[in-house]
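Worksheet: the structure to be examined is printed underneath.
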Amino acid sequence: MRVLVSGGAGFLGSHLVDQLISRGDEVVVFDDLSRGHREQVPNGVILVEGDVRDSSKWTEICAQFSPELIHHLAAVNGTRRFHREADIVADVNVNGTRNAIEAAKATGARLVFYSSPESFGEQSVMPLANDSNSVFTPAHEHQRHSYGASKYLGELLIHHAIRDFGLDARILRPFNAYGPRLHGDADGQVVSMMLLANPIEVHGDGLQTRSMTWVGDVVEGMLRVGDLPDLCGMSFNLASEEEVSMLNLASMISEITGAKIVHTGENHGDSRRRVADLSGNDKIGWKASTSLVEGLAQLR
Ligand SMILES: NC(=O)c1ccc[n+]([C@@H]2O[C@H](COP(=O)([O-])OP(=O)(O)OC[C@H]3O[C@@H](n4cnc5c(N)ncnc54)[C@H](O)[C@@H]3O)[C@@H](O)[C@H]2O)c1
């Protein structure tokens, strides 16, 4: 199959590309390398360097490659950036998705859109299900939800394109994927940041929980959602069933690295719990199988 992966030089995208290549697909990666790395794109894969906001770049790639499947992962990520660069987050994530939809419409390709549990904002009723409402705090308080709202708008645009243009599109929400190549810098994600930190900073009381999901499991779900027929218009939460508090996560990582744990101020807009409804995953036969202890052991 011919597969176009936007954001394919990044964390999830590059793991996906590895799997696509190993089963013999033809793959083109579209990435501006703002967070991704050229070295993460395997030999034999064409890397088109460019910005997903640039519609002419999509047209060029589609004219040359005619993708049958598009995995649209390119997006601005990283909690600090949601606050500081809300305008860029909204621009890349919304306009990049609009262009991905136009590309899928023009080529007839199937589209997988990468949303996030943050598309539900601060919804406190758990588990988060496809029919949960999104809850966003007033915009003047903080701009953290530039990201979650951009993902909500992405989902909305996908459903609009399905309804009005018959697009075959699917939505995925990975829940805190972790594994090799995860960014550990100041704009990174929690497991990698904690693995590199000394002391390990825990925000607030640390009792906020997440479902940390091993990248190998997440990529298996990504492949299935891209490959299986008859999933048009469906959304899937790719989450581990294990709920862990940030304090427990810090303790597990501190046992590995020997780092001390300190408490810092709370992050605006941080959900207290984030647990997924997984009942829809029977359709793709997917369940995370790697425990947090097993996953962390592979990152030592
Ligand atoms: N990792 C997770 O746990 C998680 C959770 C929920 C949602 N997601 C979503 O999955 C997708 C991939 O996430 P990730 O963790 O691999 O992030 P990542 O930052 O590693 O990957 C994103 C990639 O997009 C590229 N990119 C950013 N802006 C671009 C632009 N304007 N034009 C072209 N390329 C651009 C980056 O260079 C990077 O390679 C994102 O859409 C993210 O929102 C990830």
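Structure summary
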item: Within segment 157-191, tally of residues that are more than 28 Å from Glu294 (Cβ to Cβ) and aromatic (Phe, Trp, Tyr); result: 1
item: Failed criterion for Ala186 (all others in (1) part of a helix (DSSP H, G or I); (2) within 14 Å of the ligand (Cβ to nearest atom) hold); result: (1)
item: So Val89, is it within 13 Å of the ligand (Cβ to nearest atom) and either at positive phi or surrounded by 23 or more Cβ atoms within 10 Å (Cβ to Cβ) (or both); result: yes
item: Residues within segment 167-181 that are more than 7 Å from the ligand (Cβ to nearest atom), part of a loop (DSSP other than H, G, I, E, B) and not acidic (Asp, Glu), tallied; result: 4
item: Candidate set: segment 142-199, residues that are of a type in the set (Val, Ile, Thr) and modelled with pLDDT of 95 or more; chosen: the one nearest to Asn267 (Cα to Cα); result: Ile171
item: Cross-chain or 6+ apart pairs with Cβ under 7 Å, segment 81-99 first and within 15 Å of Ser116 (Cα to Cα), then more than 11 Å from the ligand (Cβ to nearest atom) and part of a helix (DSSP H, G or I); result: Phe82/Ser146; Val89/Ser146; Ala90/Ser146; Val94/Leu153; Thr97/Leu157
item: Hey, Ser55 within 18 Å of Ile158 (Cβ to Cβ), within 15 Å of the ligand (Cβ to nearest atom) and at pLDDT 95 or above or not; result: yes
item: Selected residue (only one of Gly44, Gly24, Gly36 is at pLDDT below 95 and out of contact with any strand residue (DSSP E or B) (no Cβ under 7 Å at 6 or more places or on another chain)); result: Gly44
item: Meets criteria (surrounded by fewer than 20 Cβ atoms within 10 Å (Cβ to Cβ), assigned to a helix (DSSP H, G or I), more than 11 Å from the ligand (Cβ to nearest atom) and more than 14 Å from the chain's Cα centre (by Cα)) for Asp164; result: yes
item: Flag for Arg224 being within 13 Å of the ligand (Cβ to nearest atom), modelled with pLDDT of 90 or more and of a type outside the set (Asp, Glu); result: no
item: Residue that is surrounded by the fewest Cβ atoms within 10 Å (Cβ to Cβ), among those in segment 128-140 that are closer than 13 Å to Arg274 by Cβ and within 16 Å of the ligand (Cβ to nearest atom); result: Ser132
item: Among the residues listed as Ala100, Ala109, the single one being more than 14 Å from the ligand (Cβ to nearest atom) and surrounded by 21 or more Cβ atoms within 10 Å (Cβ to Cβ); result: Ala109
item: Subset tally (residues that are out of contact with any helix residue (DSSP H, G or I) (no Cβ under 7 Å at 6 or more places or on another chain) and basic (Lys, Arg)) for segment 136-170; result: 1
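Residues checked against (1) within 8 Å of the ligand (Cβ to nearest atom); (2) touching a residue at least 60 places away in the same chain (Cβ under 8 Å):
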{"position": "Asp32", "(1), (2)": "yes, no"}
{"position": "Gly44", "(1), (2)": "no, no"}
{"position": "Phe65", "(1), (2)": "no, yes"}
{"position": "Leu69", "(1), (2)": "no, yes"}
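The values are calculated or read from the model by the stated rules, or taken from the named source; none is laboratory data. The structure presented is a predicted model; accordingly, all values stated were derived computationally and were not measured. Don't worry about glycine lacking a Cβ; one is built from the backbone with ideal geometry, like all the others, and counts go over all protein chains shown.
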